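*Asks:* Sharing a structure below in structure tokens format, with a few things to ask.
The values are calculated or read from the model by the stated rules, or taken from the named source; none is laboratory data. Quick caveat, the model's predicted, so the values are computed rather than measured. No Cβ is skipped: glycine too gets one built from the backbone with ideal geometry, and neighbour counts run over all protein chains shown. Protein only, heavy atoms only, side chains kept; ligands, DNA and RNA dropped before computing areas. Shrake-Rupley method; radii C 1.70, N 1.55, O 1.52, S 1.80 Å.
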Amino acid sequence: PVLCGVDGAARALVEGAGAGLFAAPEDPADLARRVLELARDPARAARMGQRGRALVEARFDRRDLAARYLALMREVCE
């Protein structure tokens with residue numbers, strides 16, 4: 001699972017995918033609470049990890065991203 005310490009789009013991505021938890025930035029106590037929360041429920045942590053991997057495989061494949069970027073650059077340059 002991901003412990004996300006960045007609010008905004010990164011948080012929305014992680015939480016939306018069910019891939020991890022948000023810990024308030026620069027709040028070590030909140031980070032510790034989140035780590036303990038995951039440690040106390042390893043099955044939940046495993047599910048989050050699986051969802052995170054599925055998200056990365058579905059949306060962040062390097063070859064796919066490179067192909068989309070190249071297509072966009074070609075379109076812009078034409």
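*Asks:* Please list, in order along region 36-48, the HN-Hα scalar couplings obtained from phi with the Karplus expression 6.51 cos²θ - 1.76 cosθ + 1.60 (θ = phi - 60°), rounded to whole Hz, x for Gly and Pro.
*Replies:* For region 36-48, the Karplus curve yields 5, 4, 6, 5, 7, 9, x, 5, 5, 4, 5, 4, 4 Hz.
*Asks:* Say the dipole of the chain comes from +1 at the beta carbon of Lys and Arg and -1 at that of Asp and Glu; which of CYS4, VAL76, LEU36 then lies farthest toward its positive end?
*Replies:* The Cα lying farthest towards the positive end belongs to LEU36.
*Asks:* Would you mind checking which residues have amide H under 5 Å from GLY5's amide H? H placed 1.01 Å from N; only 5 or more apart, or other chain.
*Replies:* ALA23
*Asks:* Ok, one more. Could you work out the helix-only [θ] at 222 nm for the chain, with each DSSP H run of four or more residues adding -39,500 (n - 2.57) and the total divided by the number of residues, to the nearest 500 deg cm²/dmol?
*Replies:* Numbers: 4 runs with 55 residues, N = 78.
Calculated mean residue ellipticity at 222 nm is -22500 deg cm²/dmol.
*Asks:* Just to confirm the filter: which chymotrypsin sites (Phe, Trp or Tyr not before Pro) across the chain are DSSP coil and have at most 15 other Cβ within 10 angstrom of their Cβ?
*Replies:* PHE60
*Asks:* Moving on to the next point. Which label marks the calculated value of Rg and Dmax of the Cα atoms in Å, given the options [x] 16.3, 55; [y] 12.7, 41; [z] 11.8, 36?
*Replies:* [x]
*Asks:* Could you give me the ³J(HN,Hα) list for region 27-34, computed from phi with Karplus coefficients 6.51, -1.76, 1.60 and θ = phi - 60°, whole Hz, x at Gly and Pro?
*Replies:* 10, x, 5, 5, 4, 4, 4, 5
*Asks:* Still on this structure, please answer the following. Give me a comma-separated list of calculated 3J(HN,Hα) values for region 2-14, in order, Karplus coefficients 6.51, -1.76, 1.60 applied at θ = phi - 60°, integers in Hz, x for any Gly or Pro.
*Replies:* 9, 9, 9, x, 10, 7, x, 4, 5, 4, 4, 5, 5
*Asks:* Counting only protein heavy atoms and a 1.4 Å probe, tell me what percentage of the chain's accessible area is made up of carbon and sulfur.
*Replies:* That fraction is 58 percent.
*Asks:* How much accessible area per residue does the chain have, in Å², with a 1.4 Å probe?
*Replies:* Roughly 74 Å² per residue, with all protein chains present.
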